[in-house]
Amino acid sequence: MNPSANLSAHRVVVESVQPEVDGGRFPVKRIVGDIVSVEADLFTDGHDQIACRLLYRRAEDSAWQEVVMSSIGNDRWRGEFPVLQTGEYRFTVEGWVDHFLTWRYDLVKRLQARQDVGVELLIGAQLAESAEQRALPEDGPRLRVYANELRKTDDVEHRSAVAVDGEIALTVHRYPDRRYSTRYEKELAITVDREKARFSTWYEVFPRSCADEPGRHGTFRDCETWLPYIDSMGFDVLYLPPIHPIGATYRKGKNNAVAAAPDDVGSPWAIGSEEGGHKSIHPALGTFADFERLVQSAAKLGIEVALDIAIQCTPDHPYVRDHPEWFRHRPDGTIQYAENPPKKYQDIYPIDFETPDWQALWEELKSIFEFWIDRGVKIFRVDNPHTKAFPFWEWVILELKQKDPEVLFLAEAFTRPKVMHRLAKVGFSQSYTYFTWRNTKSEITEYFEEMERSKVREFFRPNLWPNTPDILPEFLQMGGRPAFLIRLTLAATLGSNYGIYGPAFELCESAPRNLGSEEYLDSEKYQIRNRDREDTSSLKQFIVRVNRIRRENPALQSDERLTFHETSNPMLLCYSKATRDHSNVILVAVNLDSAHTHSGWVTLDLEALGIAGNDSFQVHDLITDSRFVWKGSKNYVELAPGSSPSCILRLRRRIHTEKEFDYYL
């Protein structure tokens, strides 16, 4: 330790700064326009008063901006700052002993005790003169006058009144002595994404199934004709499975058959053939011009195209020929194909991230994303990222977002919680979740409360999917149309980001490949499926209404302030979301049983709803347009799966007027 550093003079302790992820190892996540609230413990020895500042800046800026932090009790301090641009921000906290504040605090107590304060007033003059040396020219003369007033030998009462003048004190505070300030030892990072990272509505469709004529391979032009349909339902992200050439070697047949028939089209996730790899388009889908036209046509409707990136290759991929060192070789000289014993995927070669040529591999994989970004894609759904190296993801996402902070990444990783969380920490903007398999009241409540209440919310943004091409959950297989209504309501209102695999979802497709399987019968992963999207049995109109409710109610556009309310019936789930100022409050009740009507009493947490205990309030069912007046915390709900298994209620407070009637707002 170097005694010349006078470490004993740096007396303030700064610790327990929040938000902080893994001790500052990873950034927290926010959205453009958010107000970032920072808290920290700051204290010192003895009884001196302290002051502290929250320092923040954009990562590329050198100068810090400062915000005064306020005490919230028990040596805890809070400050806030806005993040107004996408990209990376940095922040930290600094505190120091404030000798002027200590002097003024003690002076007031001495005056109240009618003590002689002559010497104390001279000390105050010295502190003001010291501040004058640090002050801007416009404030210096004022501080000099203040110091002179404190030095006058006559009229102690006048000098004392000047000493405690609040306006002058604020001027002194602007120029503190920070020679011995203590700054938190870390600069903490914030990744600021655009609004789409917080609120998005996804629709997945296979372009090859978009043709009007049964059996014909669809094209991007065919997919373009679906855009008005997708837009009419209120989706703003069109997610396409891989659009690249599909390998012929070990191609899978219908229903994942090991042997493919000559006319089988194969799985889009089996990437690579003699026509090209990840930077090529399947010839049957069209040209790059057709793809870029699809992206542009979608953008005119406010829809973004998200592209699936699956880092894996077929035996026919050009990488296998040109870079065999990027794959793992077995003792017999063959390349190791993908396995999840006892399952074998002979048509897929996983990348070996332990290759000695890893730097060239990383650069090439990064170039895949850059290639599609240059063609207008700003959202990527990444297939099975948990089977690729974490350091690669941390590097590549940072590299890509530094060039274009608008780019977003969705992690398709149905795996262990800590692995999913790590992917979010290293940069993925959104994540698939276990929602797909959470069906009971306790399962749903515990899962979402964990995400809402724990530190996970600082970096993990859930994207809820009731179905995917890989997953037809048992609840949808067994529950019929009501099950689809229930799961859509839950996904769309529990999560501000959600998506469906369509048109399988709106047409209530529920046949599994075999009993106990979550695979679809005649899965679209292995064959072309032509469907009538105008089928009268479709859930389209219900989806239209729910997505409109999401767009019109800001409370549903964030995952914050989710509150679960008690119900007397375990088959009834009730929860609410509210804006910070309670100007928009949505209450949702869902019958979790797709076969039977259930009723019961809901006990509302009125504070979470912004309702005073004795006030009546109107609940407006945004699905049926029915309206009811409720009062107090206990209210009755009955939901029939055959007609309305759920209700989405907007709360409207009673506005009292001097006229003969009141109204609800």
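Observations
- Filtered by the rule that a residue be closer than 28 Å to Glu394 by Cα and of a type outside the set (A, V, I, L, M, F, W, C), segment 322-346 gives Asp322, His323, Pro324, Glu325, Arg328, His329, Gln336, Tyr337, Glu339, Asn340, Tyr345.
- Scanning segment 77-97 for residues that are of a type in the set (Asp, Glu) and either touching a Pro at 6+ places or on another chain (Cβ under 6 Å) or open to solvent by 20 Å² or more (accessible area, probe 1.4 Å) (or both) turns up Glu80, Glu88.
- Gly118 loosely packed, with under 14 Cβ neighbours inside 10 Å and in contact (Cβ under 8 Å) with a residue 12 or more places away in the chain: yes
- Flag set for Lys403, criterion: among the basic types (Lys, Arg) and either in contact (Cβ under 8 Å) with a residue 40 or more places away in the chain or closer than 29 Å to Ile373 by Cα (or both).
- Of the listed requirements (1) in contact with a Lys or Arg (Cβ under 9 Å, 6 or more places away or on another chain); (2) in a loop (DSSP other than H, G, I, E, B), Ile190 misses just one: (2).
- Lone qualifier among Glu399, Glu452, Glu370 - being acidic (Asp, Glu), in contact with a strand residue (DSSP E or B) (Cβ under 7 Å, 6 or more places away or on another chain), part of a helix (DSSP H, G or I) and open to solvent by less than 60 Å² (accessible area, probe 1.4 Å): Glu452
- With respect to (1) of a type in the set (A, V, I, L, M); (2) under 20 Å from Gln49 (Cα atoms); (3) open to solvent by less than 50 Å² (accessible area, probe 1.4 Å), the lone exception for Ile72 is condition (3).
- Which numbered condition Gly277 fails, given (1) in contact with a Pro (Cβ under 9 Å, 6 or more places away or on another chain); (2) within 23 Å of Ala389 (Cβ to Cβ); (3) open to solvent by 40 Å² or more (accessible area, probe 1.4 Å): (3)
- Boolean, Glu60 is open to solvent by 50 Å² or more (accessible area, probe 1.4 Å) and either within 17 Å of Leu188 (Cα to Cα) or among the hydroxyl-bearing types (Ser, Thr, Tyr) (or both): yes
- Checking Ala248, Ala261, Ala211, Ala284 one by one, the residue that is among the small types (Gly, Ala, Ser), outside any loop (DSSP other than H, G, I, E, B), surrounded by fewer than 20 Cβ atoms within 10 Å (Cβ to Cβ) and modelled with pLDDT of 95 or more is Ala284 and no other.
- Among all positions in segment 404-418, there is no residue which is in a helix (DSSP H, G or I) and either under 25 Å from Ser267 (Cβ atoms) or in contact with a Gly (Cβ under 8 Å, 6 or more places away or on another chain) (or both).
- In segment 609-628, of all residues being of a type in the set (A, V, I, L, M, F, W, C) and modelled with pLDDT under 95, the one that is nearest to Phe564 (Cα to Cα) corresponds to Ile611.
Residue-wise test of (1) modelled with pLDDT of 95 or more; (2) surrounded by fewer than 20 Cβ atoms within 10 Å (Cβ to Cβ).
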site: Asn148; (1), (2): no, yes
site: Asp154; (1), (2): no, yes
site: His158; (1), (2): no, yes
site: Arg174; (1), (2): no, yes
site: Glu195; (1), (2): yes, yes
site: Ile230; (1), (2): yes, no
site: Val237; (1), (2): yes, no
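- Which listed residue, of Leu127, Leu122, is in contact with a His (Cβ under 8 Å, 6 or more places away or on another chain) and not aromatic (Phe, Trp, Tyr): Leu127
- The number of residues in segment 45-57 being of a type in the set (Gly, Ala, Ser) and open to solvent by 30 Å² or more (accessible area, probe 1.4 Å) comes to 1.
- Pick from segment 125-142, criterion aliphatic (A, V, I, L, M) and more than 15 Å from Leu101 (Cα to Cα), ranking: surrounded by the fewest Cβ atoms within 10 Å (Cβ to Cβ): Leu136
- Glu458 being among the acidic types (Asp, Glu), touching a residue at least 60 places away in the same chain (Cβ under 8 Å) and open to solvent by less than 40 Å² (accessible area, probe 1.4 Å): yes
The values are calculated or read from the model by the stated rules, or taken from the named source; none is laboratory data. Note that the coordinates shown come from a computational prediction; the quantities given were computed from them, not determined experimentally. In this analysis, Cβ positions are derived from the backbone assuming ideal geometry, glycine residues included, and neighbour counts consider all displayed protein chains. Side chains included, ligands, DNA and RNA excluded: accessible areas come from the protein's heavy atoms. Shrake-Rupley method; radii C 1.70, N 1.55, O 1.52, S 1.80 Å.
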